[in-house]
Every structure is written in structure tokens, then in C-alpha cells.
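Working notes, beginning with the structure itself.
Coordinate-derived values only; no laboratory data. Just so it is clear, the model here is predicted, and its values are computed rather than measured. Every residue, glycine as well, gets a Cβ built from its backbone with ideal geometry; the counts of neighbours run over all protein chains shown.
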Ligand code: COI
């Protein structure tokens with residue numbers, strides 16, 4: 001039933017009702033695991049019952065955060081078919097993240113197969129309700145018990161699955177974001193372009209401050225001049241000003257979002273002008289005041305397309321489009337979600353059917 005050795009979970013759980021799903025709180029019955037040892041390479045890919053990891057307290061990932069991850073989703077379409085959204089792009093990005101953290105490369109084809117095999121085993125966990133999905137979280141951690149600061153000589157690659165609903169409690173409703181230059185997410189040459197655990201650790205403190213002020217997320221500005229928009233940490237950012245869509249360029253400090261690149265491709269198909277250029281917070285505030293900035297949204301795997309209804313900056317709050325969803329934002333949401341659930345044309349073949357034999361494992 002799978003190309004990898006499989007140990008079935010003797011105590012499978014009942015998946016929770018789709019309508020109760022939040023983000024990342026529930027996990028399925030199995031996980032994919034593979035080890036690495038210096039001189040041996042990656043070995044023993046396998047699927048096991050979901051289990052806790054036992055780590056020596058000296059394990060270097062616990063001290064120096066040599067860890068990367070990625071995140072993608074499997075969707076159950078109205079036709080009952082399960083589709084993975086651009087798993088090849090996620091496998092490629094995982095390897096780019098590994099390279100930045102001196103983690104030995106994984107075979108991208110094997111990574112993609114690990115997603116398929118695990119989702120296949122746990123396919124009864126792919127929820128049905130529109131807006132829900134099975135989130136796939138591949139992770140690589142350094143496992144050598146060693147306190148010197150150098151790359152580990154052993155690693156663990158694992159994949160876990162979580163049935164999810166909307167990432168933000170707002171769902172598709174507009175979120176409030178706070179632009180800040182006080183805290184920096186990343187600088188060019190740093191870790192910002194890689195999906196490392198450390199980037200998210202760095203985002204916790206500013207995010208807590210933003211929450212206290214009533215914002216959902218932080219919009220980071222560049223680390224040098226504290227003026228140019230970077231990203232939101234859980235999503236890339238896009239703005240419609242006049243007839244143009246503007247998004248910050250991937251300058252080495254921003255994560256290359258797969259939803260970001262998908263949206264840019266769709267906008268191109270629709271004949272909408274897209275400009276990847278640095279855009280300052282002053283320009284954004286001036287465009288809101290002039291009424292030329294009509295839509296602002298974030299893109300991300302977890303966040304999908306998330307309209308921004310309010311922007312905070314320097315004690316002021318700017319309401320965008322009366323706090324509602326823009327026409328283009330809604331069109332993008334519908335197009336991406338349509339491809340993911342198999343209800344809209346997918347000329348580029350982004351949504352890859354799982355194509356596993358039925359019936360599903362009960
Ligand atoms: C994602 O969109 O997959 C993310 O990684 C954002 C967050 C959940 C870490």
C-alpha cells in the first residue's frame with residue numbers, strides 16, 4: 001500500500017469534525033521518518049505511528065536551532081479526489097532551506113514521495129469541508145548530541161500531518177496588521193529567505209506586542225532603513241495601487257512563497273500589471289490617503305489569500321477598503337482555492353492528484 005516500510009498505528013484515532021478544525025492543533029495517526037548519518041547519507045525512509053521524539057538534552061537543534069521546515073496542503077475536492085498543491089515547489093524550497101543551514105540535501109523526488117505516501121496512509125484525515133485541508137509539515141532537525149557550534153553529523157527528516165481550518169481566526173475576513181521598523185525579521189544575507197525555525201522564534205516578541213495592540217500580525221520593514229515593506233512572517237504581502245499590483249522583491253530577506261509565485265502567475269494570465277519593487281511605508285500611507293491604494297492582501301500556504309483591512313503604523317491606524325475584501329483579492333482567493341479543490345481550470349497542473357488506490361485505509 002505504500003512504497004515505504006509501514007508500521008500501522010495499532011490505535012488509530014477518530015478525526016475531529018471538519019467544522020471544529022483550527023490550525024495545527026490535531027495530528028494524524030502516522031508520520032514519515034528518515035535518518036541521516038555522516039558517511040552514510042539519508043537512510044531508512046519509513047512510515048511509523050505518530051510518536052514523540054526522544055532527544056538527548058545536548059541535541060544540537062535544541063541549542064543552536066539547526067532546523068528547517070516547510071508547509072503545504074492536501075485538499076479533498078468536491079469530486080472526492082485528493083490533490084496536493086505544488087509539492088514539487090515545496091520540496092525544492094525545503095532543500096534551499098537545508099542548504100542555508102548546512103543540512104545535507106534531500107532527494108526532492110523522495111521528499112515529494114514521502115508527502116504522497118504519508119497522505120495516502122492517512123487519507124481518511126483529509127477533511128471535506130470547503131476551507132479545510134490536510135496541512136503537511138516536513139521538518140529537518142539536527143540530532144547530534146554535541147555542544148560545539150558546527151553543523152551536526154546526524155539529522156532527522158520527518159513529516160507530520162494536521163487537518164486544518166483557517167489559519168487566522170478571521171478566516172477570509174480582513175486582518176489587521178501592524179507595520180513596524182522597531183523589530184527586524186531578517187536582513188539580506190541572513191536567514192530570511194530560508195524557512196528556518198529561528199525566523200519564527202524571532203517573530204514571536206513583535207507579534208505579541210502587535211496582538212496587545214489589537215493587530216493579528218506584524219508587517220516587517222527592511223532591517224537597514226526601516227522603511228521598505230518586507231513580509232508578514234506567515235505570509236507575503238501585495239498591494240493594489242491604481243491599476244498595478246505591487247509586491248516587494250525577493251531580495252534575500254523574504255521567503256519565496258509558493259502562493260506568492262502562484263498569484264503572480266495568475267495576475268500575469270489575467271493581464272494585470274505586476275511590479276516587484278521595493279515599496280516604502282510612506283508610499284503606502286500616502287496611497288491610502290490619496291485613495292489610490294484600494295486593496296492589500298497577504299499570500300501564504302496557511303493563510304491562503306488574506307485581505308488586510310487595517311494597517312497600523314506609528315500610532316495611526318489606516319482602514320483599507322472600509323475593512324472589506326477587495327474585488328481582486330476575492331478573485332485571487334477564488335482562483336487559488338478553485339485550483340486546490342479541483343473546481344477551476346488548472347492549466348499548469350499545480351494541483352497534483354494523490355492518485356492512490358481506493359478504498360481508503362479505515
Ligand atoms: C505556512 O504558510 O505554511 C507557514 O509556514 C506559515 C506558518 C504556519 C509558519
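Say we join alpha carbon atoms closer than 10 Å with springs in a Gaussian network model of the chain; which of 209, 243, 315 then has the biggest fluctuation?
Of 209, 243, 315, the Gaussian network model singles out 315 as fluctuating most.
How far, in degrees from 0 to 90, does helix 87-100 lean away from the longest principal axis of the Cα atoms of the chain, to the nearest 10?
90 degrees
How would you rank 350, 42, going from fewest to most other Cβ atoms within 10 Å of each one's own Cβ?
42, 350
Quick check on segment 177-286: of the DSSP beta bridges with both residues there, what percent are antiparallel, nearest 5%?
On the way: 5 of 13 bridges.
Roughly 40 percent of the DSSP beta bridges within segment 177-286 come out antiparallel.
Angle between the Cα long axis of helix 281-290 and the longest principal axis of the chain, 0 to 90 degrees, nearest 10?
Long axis of 281-290 versus the principal axis of the chain: about 50 degrees.
Once label points are set 7 Å from the Cα along Cα→Cβ at both residue 280 and residue 187, what is their separation, rounded to one decimal in nm?
2.1 nm
Would you mind putting 134-140, 8-14 in packing order, based on average other-beta-carbon counts within 10 Å, highest first?
Working: 134-140: 22.3, 8-14: 11.6.
The most tightly packed comes first, giving 134-140, 8-14.
Stretched out fully, how many nm does the piece from residue 150 to residue 79 gain, at 0.36 nm a residue minus the Cα gap?
Result: 20.6 nm gained on full extension.
What is the packing order of peptides 84-97, 264-277, taking the mean over residues of other C-beta atoms within 10 Å and listing the highest first? Let's see the in-between values first.
Details: 84-97: 21.6, 264-277: 13.5.
Those peptides, ordered most packed to least, come out 84-97, 264-277.
Which residue fluctuates the most in the chain, going by a Gaussian network model with Cα springs under 10 Å, if the choices are 57, 49, 104?
Top of the fluctuation ranking is 57.
For segment 1-89, give the share of DSSP beta bridges that are antiparallel, in percent and rounded to the nearest 5; count only bridges with both residues there.
If we restrict to bridges inside segment 1-89, about 90 percent are antiparallel.
Does the chain come out rounded, prolate or oblate, given a ≥ b ≥ c as the square roots of the eigenvalues of its C-alpha gyration tensor, rounded meaning a/c under 1.5 and, failing that, prolate meaning a/b above b/c?
oblate
If you take every DSSP beta bridge whose two residues both sit in the chain, what share of them, in percent to the nearest 5, is antiparallel?
Around 80 percent of the beta bridges assigned by DSSP in the chain are antiparallel ones.
Against the longest principal axis of the chain, how steep is helix 108-121, in degrees 0 to 90 to the nearest 10, with axes from Cα atoms?
Roughly 80 degrees, rounded to the nearest 10.
Among 210, 19, 197, determine the one that fluctuates most according to a GNM of the chain built with springs between C-alpha atoms less than 10 Å apart.
Sorting by GNM fluctuation, first place goes to 19.
Cα gyration tensor of segment 18-168, axes a ≥ b ≥ c as square roots of the eigenvalues: rounded (a/c below 1.5), prolate (a/b > b/c) or oblate?
Taking the square roots of the gyration eigenvalues as a ≥ b ≥ c, segment 18-168 is prolate.
How far is it, in nm, from the label point at residue 88 to the one at residue 244 when both lie 7 Å from their Cα along the line to the Cβ?
3.2 nm
Does segment 143-277 come out rounded, prolate or oblate, given a ≥ b ≥ c as the square roots of the eigenvalues of its C-alpha gyration tensor, rounded meaning a/c under 1.5 and, failing that, prolate meaning a/b above b/c?
Prolate, because a/c is 1.5 or more and a/b exceeds b/c.
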